[in-house]
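The values are calculated or read from the model by the stated rules, or taken from the named source; none is laboratory data. Bear in mind that the values here come from a model prediction, so they are computed numbers and not experimental data. Cβ placement follows ideal geometry from the backbone for every residue including glycine, while neighbour counts extend to all protein chains displayed.
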Amino acid sequence: MKNLFKNYAANQNNPKWEHIIARKSPLYVRDSDIRSEFERDYTRIIHSNSYRRLKHKTQVFFSPENDHICTRIEHVTHVESISYSIAHYLGLNTELTKAIAVSHDLGHSPFGHSGERILSNFSKADLGVPFWHEKNGLDFVDSIELLEDSKRNKQNLNLTYAVRDGIISHCGEIDENGIRPRDQFIDLSDYTHPNQFSPYTWEACIVKIADKISYIGRDIEDAITLGILDNHLDELYELLNYNMKDKMLNNSNIIHCLIDDLCENSSPEKGLCFSDEAYYLINKIKEFNYKNIYFSDRIKPSNRYFELVLSEIYSTLKSCFDGKSAFNSVKSLQKFYPKLYNKFSDFLYSYYDYPDRTSSNFKNMVLFQDSNKSHFYQAILFFISGMTDNYAMEIYNQIVGF
């Protein structure tokens, strides 16, 4: 039913409102600013470098020659569109869903989920904790991404709690039907693994579902375009036509079917949920995609290449640390790897407590101590996770070339 959730929207009538719009520190305000809190978050996100880099990060298929194959930035745009449609129909805050949607994958590494698994192996070995893109996304918007303020000082993004919560809570690998927001206002650093807590707002719950709706159909569409499913089309047609009442097989019909079903079956009492038939269809499509797309033989060579590229970059940066000074250590890179040296030393300067930062325009939080090995390894992981596919390959080629 249209506007069924309007009394639960993220607005001033919501009892959670003060927590929803809370920021870690006050954000500068212009007298003439006409934007809401979430509109400000939205514009801060789309002006960030992390957002811009999404256009050169793998979604599923690596380095496609076809310009119409989905990349990470197209994916977040799809999630924004789907979550807007659902939130608008149900009467929830579309400004909040837009801000969460465009930021939800800012923490993704190069080379998609394969790159994420590789970085997680590095992190578990050297820091004792896994790397996961939802947490990395929160770290990026809280600590890594910098924007100039009205006085040209570089500051952290400083987003609202609701958007930050939506980023770390968005895990699209959901297996439950009937998602509801949690009541508790928690410190988001309490998260230790994906999907640990429900999101804090209904709007973030919508983005969590829209994430899954957006990729299951589009991944099939791209796989068909690339010929990966040529030997599995009969199985796919049988699966979708049986469940979608003879609708034509395309991404548009899959998305339309799932959005309509979700809006028809959800309520504040039941939560955001699909019918049994649609929920079964989602899980069957997901099962089909894993078997025939994500784990297909055609994908495996690129995964082996990702391991090679990221391992070489990580080990090169890690080996240069002398145990005394991070900034001095990386000077050893300058002779043979000048591009890597310039970018990584600039990165370190932005987050280490060097004396001359106090007179600079860096007003962001300091993250690392100079002689701390674990801090240096964490800095490397942040640096690599922000790379585009193209840049990671370029750095790898510089390392192995002469």
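Condition check: touching a Phe, Trp or Tyr at 6+ places or on another chain (Cβ under 7 Å) and either at pLDDT 95 or above or of a type in the set (D, E) (or both). Does S123 satisfy that?
Answer is yes for this residue.
Kindly provide the set of residues from the range 331-353 that are farther than 17 Å from I313 by Cβ and within 30 Å of the chain's Cα centre (by Cα), ordered by number. Working first, answer last.
First, pick out the residues of the range 331-353 that are farther than 17 Å from I313 by Cβ: 331, 335, 349-353.
Correct list: Y349, S350, Y351, Y352, D353.
Please enumerate the residues belonging to the range 344-356 that are in a helix (DSSP H, G or I) and in contact (Cβ under 8 Å) with a residue 12 or more places away in the chain. First the steps, then the outcome.
Taking the range 344-356 first, the residues in a helix (DSSP H, G or I) are 344-351, 355-356.
Matches in the range 344-356: F344, S345, F347, L348, Y349, S350, Y351.
Looking for something among the charged types (D, E, K, R) and within 22 Å of Y89 (Cβ to Cβ) - is there at least one such residue anywhere in the range 276-297?
The first filter runs over the range 276-297 and keeps only residues among the charged types (D, E, K, R), leaving 276-277, 284, 286-287, 291, 297.
Narrowing the set further to residues that are within 22 Å of Y89 (Cβ to Cβ) leaves 276-277.
Yes; the residues of the range 276-297 include at least one that is among the charged types (D, E, K, R) and within 22 Å of Y89 (Cβ to Cβ).
List pairs: first residue in the range 9-21 and within 15 Å of Y161 (Cβ to Cβ), second residue of a type in the set (V, I, T) and outside any loop (DSSP other than H, G, I, E, B) anywhere in the structure, Cβ distance under 6 angstrom, at least six positions apart or on different chains.
A10/I20
Any idea which of S85, S50, S114 is outside the structural domain of S252 (by TED's automatic domain parsing), at pLDDT 95 or above, farther than 20 Å from R182 by Cβ and buried (at least 16 other Cβ atoms within 10 Å of the Cβ)? Please lay out each step first, then the result.
Values: S85 fails: outside the structural domain of S252 (by TED's automatic domain parsing); S50 fails: outside the structural domain of S252 (by TED's automatic domain parsing).
After applying the criteria, what remains is S114.
Looking only at residues that are closer than 20 Å to G386 by Cβ and in a loop (DSSP other than H, G, I, E, B) in the range 61-79, which one is modelled with the highest pLDDT?
F62
Every residue in the range 156-204 that is within 15 Å of the chain's Cα centre (by Cα) and not in a loop (DSSP other than H, G, I, E, B), please.
V163, R164, D165, G166, I167, I168, A204
Taking the range 365-398 as the region of interest, how many residues are of a type in the set (A, V, I, L, M), within 14 Å of F344 (Cα to Cα) and either assigned to a helix (DSSP H, G or I) or not assigned by TED's automatic domain parsing to the domain that holds D322 (or both)? Outline the logic, then answer.
Step one: of the range 365-398, the residues of a type in the set (A, V, I, L, M) are 365-367, 379-381, 384, 387, 392-393, 395.
From the residues that got through so far, the ones that are within 14 Å of F344 (Cα to Cα) too are 379-381, 384, 387, 392, 395.
Filter once more, keeping what is either assigned to a helix (DSSP H, G or I) or not assigned by TED's automatic domain parsing to the domain that holds D322 (or both): 379-381, 384, 392, 395.
Residues that pass the stated criteria total 6.
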